[in-house]
Amino acid sequence: MKKEILFFDKNQFARYKKAKADEGYDIISLTKYLQNFEDISEVNEYTQIVDITSLGSINDLQYNAERIFLFFSDETIFIADKKHIELFSHELRYCFEEFNEIGYLEEETSSDSHLVTTENNNEKLVHRKITDLTEEEIIEFTNEFSKQLYGHEKFKDDFTELVRNFRVFNKIGEHKILSLFLMGDSGVGKTEVARALHKCLGGKRKLAKINFGNYSSDNSLNSLIGSPRGYIGSEEGEIFIRVKDSDTGLILIDEFEKSNSTLFNYFLDVLENGKMVSSLAEEIDLNGFIIIFTSNISKEDFTQIISPELRSRFDYKGYFTLLYSRDKLKFVEFRINSIIHKFNKNFPTQLASEIKEELVHQIDVDKFSNMRDLNNEIKKKFVDYIVAKATSIKTLPD
């Protein structure tokens, strides 16, 4: 018999998850192990907490649960949504000694907290959005974004105007979400737009990013927003988790074209109503958010794959081309400076900024059309330099 189940309030789950992450724990769902109990041996009781909420939806709960928990270590920590406290306390009485609620978690007071407590002790997500910035801050924001993104000058000019217009019409309640659809070959800087915006908004947590290359199956909507109540695995969908874990009003949907009409229709509703709704009717208000959709499709395929209704909902549709050599060279200089700075912060050996020129001359930017490949070449040249430097020092005579 296992020691206990800890029951959480779903409105406190994000805070509980963060608190446990700070202690070195990941929270995993029992769902993935229901099909094959032998896989439970993979669970690490010292770094993972098992959420068994999904058991509330299975048939013959007592019989199946008594078989499942035999495979877990006695040290494993189990949690569940407290909506099942009465059910689990009865049906799992032969599996657990105690059934306890997780105590109320105090609100964080650090400056990077993105959760606040309302009058009813419910959590409200707080994301820094472009609509929150003052006029002085928006000027600084757009200038910094222009520096962070290399090349694509027309897009940067268009984006500045988009932001200005969006802030006006968002304030009068006519425009809730700023949506961008960016096309172009892989590695030309589409996803860098989202990363740069996240950084310019002061993001300290992860960018809310979903790759639709993983969402092409018929069950993709359930994976994204959670399964309907009563189905195995009816927990939060990935996009709700990603948005709750982020601290900026920004969502990146990568490889959007690889999904299906069901998800296209879901985002048509999101852009129209300004909010995400889960399968369990939980809502996240996206008023003031930017959603960036990226795709490797051509401009011709865009009209074939994306429906007219959805195309009309995108505020900006742009095609990213390869960067000019001068822009790639600026990127190389920036990356090398950044790497030197980070290296000097983490290693006792201090590198002089003069090595930047040496490394820049070793890289032929015209050989690279994909910025990821160029970035990999920069890292390779840097490591080669460090290894050569270390070797030369060791071989110097006493």
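Key figures for this structure:
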{"read-out": "Solvent-accessible area per residue, Å², over segment 4-101 with all protein chains present [probe radius 1.4 Å]", "value": "52"}
{"read-out": "Solvent-accessible area of VAL383 with every protein chain in place, 1.4 Å probe, in Å² to the nearest 10", "value": "80"}
{"read-out": "Whole-angstrom gap from segment 332-349 to segment 59-76, using each part's C-alpha centre", "value": "51"}
{"read-out": "GluC sites (Glu not before Pro) restricted to DSSP loop in segment 300-394 with at most 16 other C-beta within 10 Å", "value": "GLU354"}
{"read-out": "Sulfur and carbon atoms: percent of accessible area, the chain [1.4 Å]", "value": "47"}
{"read-out": "Cα lying deepest toward the dipole's positive end in segment 135-320, options TYR150, ASN219, LEU250, charges on Cβ", "value": "TYR150"}
{"read-out": "Segment 234-299 - percent relative contact order, Cα under 8 Å, separation 6 or more", "value": "46"}
{"read-out": "Magnitude of the charge dipole, the chain, Cβ model with Lys/Arg +1 and Asp/Glu -1, debye to 20", "value": "1260"}
{"read-out": "Computed accessible area, ILE58, all protein chains, 1.4 angstrom probe, square angstrom", "value": "30"}
{"read-out": "All-pairs alpha carbon distance profile, the chain, 10 Å steps from 0, percent", "value": "4, 18, 24, 23, 18, 10, 2, 0"}
{"read-out": "Segment 4-101 shape via C-alpha gyration tensor axes, a/c threshold 1.5", "value": "oblate"}
{"read-out": "Cβ-defined net charge surrounding LEU351, 12 Å radius [Lys, Arg +1; Asp, Glu -1]", "value": "+2"}
{"read-out": "Total charge dipole magnitude, segment 325-392, about the Cα centre, Cβ charges on Lys, Arg, Asp, Glu only, Debye to nearest 20", "value": "280"}
{"read-out": "The chain: angle of helix 153-171 to the longest principal axis, Cα-based, in degrees nearest 10", "value": "40"}
{"read-out": "Gyration tensor verdict on segment 133-189 (Cα atoms; rounded if a/c is under 1.5, prolate if a/b is larger than b/c, oblate otherwise)", "value": "oblate"}
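The values are calculated or read from the model by the stated rules, or taken from the named source; none is laboratory data. Owing to the predicted nature of the structure, the values given are computational and were not obtained by experimental measurement. Note that we place each Cβ from the backbone using ideal geometry, even for glycine, and neighbour counts take in every protein chain shown. Each accessible area value is taken on the protein alone, full model and side chains, heavy atoms only, with ligands, DNA and RNA left out. Shrake-Rupley method; radii C 1.70, N 1.55, O 1.52, S 1.80 Å.
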